[in-house]
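Data first, discussion second: the structure below is written as structure tokens.
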Amino acid sequence: MFHSFELVLIGLAVVIDSVLLIALSERRNWAQVAVPIAVVVVGDWMLHVGAFSRLLLADLTGHWALQIQWSVLLLLICGAL
């Protein structure tokens, strides 16, 4: 139950971050967006996408499973930094 709830909430955070990132990247908004704000939004997006992907791929097995999980973890860590 908690796993499903966590997946939905992090998925919602990814959607909100994606919409915010798209809004910030529109040409008419470039003059109003400071570079540090854009960097924070990109980092937040990477953090939430990494967490969402990690939850989705937690039970992954097979030849490429470890490489995919490490890649997703690297994305999450880069977003946190």
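Observations on the model:
- Selection count, the stretch 34-81, where residues are closer than 12 Å to Ile10 by Cβ and over 11 Å from the mean Cα position of the chain (by Cα): 2
- Selection over the stretch 29-69 of residues that are over 18 Å from Leu81 (Cα atoms) and among the hydrophobic types (A, V, I, L, M, F, W, C) gives a count of 13.
- Test: residue in the stretch 42-52 that is in contact (Cβ under 8 Å) with a residue 40 or more places away in the chain and among the β-branched types (Val, Ile, Thr): no
- Test result for Val14, surrounded by 16 or more Cβ atoms within 10 Å (Cβ to Cβ) and at pLDDT 90 or above: yes
- Filter result (polar (S, T, N, Q) and open to solvent by 60 Å² or more (accessible area, probe 1.4 Å)) within the stretch 25-68: Ser25, Gln32, Thr61, Gln67
Residues are listed down the side, and each one gets a yes or a no for (1) touching a Lys or Arg at 6+ places or on another chain (Cβ under 6 Å); (2) among the β-branched types (Val, Ile, Thr); (3) assigned to a helix (DSSP H, G or I):
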{"position": "His3", "(1), (2), (3)": "no, no, yes"}
{"position": "Val8", "(1), (2), (3)": "no, yes, yes"}
{"position": "Ile16", "(1), (2), (3)": "no, yes, yes"}
{"position": "Val19", "(1), (2), (3)": "no, yes, yes"}
{"position": "Ile22", "(1), (2), (3)": "no, yes, yes"}
{"position": "Val33", "(1), (2), (3)": "no, yes, no"}
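The values are calculated or read from the model by the stated rules, or taken from the named source; none is laboratory data. Predicted model only: the values in this text are computed from it and were never measured. Every residue, glycine as well, gets a Cβ built from its backbone with ideal geometry; the counts of neighbours run over all protein chains shown. Protein only, heavy atoms only, side chains kept; ligands, DNA and RNA dropped before computing areas. Shrake-Rupley method; radii C 1.70, N 1.55, O 1.52, S 1.80 Å.
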